[in-house]
Amino acid sequence: MVSSDPYLIFGAPSIGEEEIAEVDSVLRSGWLGTGPRVAQFEHDFAAYKGVAPLQAAAVNSCTAALHVSMVAARLDPGAEVITTPLTFCATVNAIIHAGLKPVFADIDPVTQCIDPQAIEAAITSRTQAILPVHFAGRPCEMDRIMAIAEKHNLLVIEDCAHAIETEFKGQKAGTFGDFGCFSFYVTKNIVTGEGGMILARDEKHISRAKVLALHGMSKDAWHRFSDKGYRHYQVVEAGFKYNMMDLQAAIGIHQLRSVDSNWLRRGEIWARYSDALAGLPIRLPAAESPDQRHAYHLYTIGIDEDSCGTSRDSFIDRMNDRMIGTGVHYLSIPEHPFYQLRFGWKPEQWPASMTTGRTTVSLPLSPKMSDRDVERVIDAVEASLTLRQR
Ligand SMILES: *Cc1c(COP(=O)(O)O)cnc(C)c1O
């Protein structure tokens, strides 16, 4: 039963020789901090997304990107921000740290993205923003969400942590809302170790975000250590320490160049999984829509104990016994004690998110995986389901 194969790590990054050489040259250059490579990464990422260079700001995480975006937007203290309960805790923590109040709208259980109808139902006189998460790389229904935002005069901040390559009706994720926030964490589709990017429709929002991301020091501070000689900086507000380093951008520049080939490879793995797992009593990801581009970030299956003969958690243990790492994205936010205590939330209030969170498992989906790795995962899924019936 136990495999002699090496452990297949969930979310293994694919790092090429170009990344390694660029990091080496940053280290040798002596300029590790924010500098020319960060500027180039911002420029390249903006070009990839089809926006102006002044509409992009690199930061050190998506969490920072979300936080700074909401601070830069100058929402009223305590204003309500509508988001999904099926997300990483950082989405909700960023709302709280921006002095705002998270309010949930449940997901559509098929797409696992926030349900626009539930957004409308959650709007109050205190609502000032919507924060959709393009879940697993599938776009939210941005036409409907933007129409709701316009009707109620709400700001939109897109959590694009899963959605670097995502498009909805030909438009790229992160360019619909006032802000789009991206992650380059080690398991994401582009990796810089830790890292993030803010896109904003309004260049003024980006220049404020940049000030906030570097202690609140006036714009010129970004060039303070350049060869133009020493210049005094001015602190214009109480900012944060969220800037990206050249050491990180050195990786990101080359990761971005592989983004399409990596996407194609994950697409192949996705298709193979969908084909091979189709006959099993598990829930597979919703069929893709022809007018959408899925980023293929997470391949999430659903393990319902009644139909699968195993609970989600014992399925994960059995996969682990077979040396296959999996992930859970995510237990719904109200499952966690902090949010229950602080807001009085119960998971049952958002049943689709609760049920999805209690049954979901993410299979490995990395461009680094060989065909043999993919077959190992498929075999392990089959074996982990049928174990009880033996
Ligand atoms: C990973 C993730 C984040 C946080 O990204 P970091 O770069 O690690 O801060 C936020 N939201 C979602 C949906 C994520 O998956």
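The values are calculated or read from the model by the stated rules, or taken from the named source; none is laboratory data. Treat the numbers as computed from the prediction; the structure is a model and nothing was measured. Here the Cβ is made from the backbone with ideal geometry for all residues, glycine too, and neighbour counts use every protein chain on show. Ligands, DNA and RNA are stripped out before the accessible areas are found, and what is left, the full protein with its side chains, is counted by its heavy atoms. Shrake-Rupley method; radii C 1.70, N 1.55, O 1.52, S 1.80 Å.
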Q: For Ala98, state whether it is out of contact with any strand residue (DSSP E or B) (no Cβ under 9 Å at 6 or more places or on another chain), more than 17 Å from Ala161 (Cα to Cα) and either within 16 Å of the ligand (Cβ to nearest atom) or at pLDDT 95 or above (or both).
A: no
Q: Would you be able to tell me the number of residues in the range 64-95 that are buried (at least 18 other Cβ atoms within 10 Å of the Cβ), within 16 Å of the ligand (Cβ to nearest atom) and assigned to a helix (DSSP H, G or I)?
A: 13
Q.
Where the second residue is open to solvent by less than 40 Å² (accessible area, probe 1.4 Å) and the first is acidic (Asp, Glu) and lies in the range 165-181, which pairs have Cβ atoms under 6 Å and are six or more apart or on separate chains?
A. Glu165/Ala295; Asp178/Leu155; Asp178/Val156
Q) Could we say that Glu348 is open to solvent by 30 Å² or more (accessible area, probe 1.4 Å) and either among the aromatic types (Phe, Trp, Tyr) or modelled with pLDDT of 95 or more (or both) here? A) yes
Q) Considering Ile130, Ile164, Ile145, which residue is open to solvent by less than 10 Å² (accessible area, probe 1.4 Å) and either within 11 Å of the ligand (Cβ to nearest atom) or in a helix (DSSP H, G or I) (or both)? A) Ile145
**Q.** Given (1) within 12 Å of the ligand (Cβ to nearest atom); (2) touching a Leu at 6+ places or on another chain (Cβ under 6 Å); (3) open to solvent by 20 Å² or more (accessible area, probe 1.4 Å), index of the condition Asp178 fails
**A.** (1)
Q | Failed criterion for Trp263 (all others in (1) over 23 Å from Thr91 (Cβ atoms); (2) touching a helix residue (DSSP H, G or I) at 6+ places or on another chain (Cβ under 9 Å) hold) | A | (2)
Q. In the range 30-49, how many are among the aromatic types (Phe, Trp, Tyr) and outside any helix (DSSP H, G or I)?
A. 1
Q) Name the residues in the range 192-217 that are open to solvent by 10 Å² or more (accessible area, probe 1.4 Å) and within 11 Å of the ligand (Cβ to nearest atom), would you? A) Gly193, Glu194
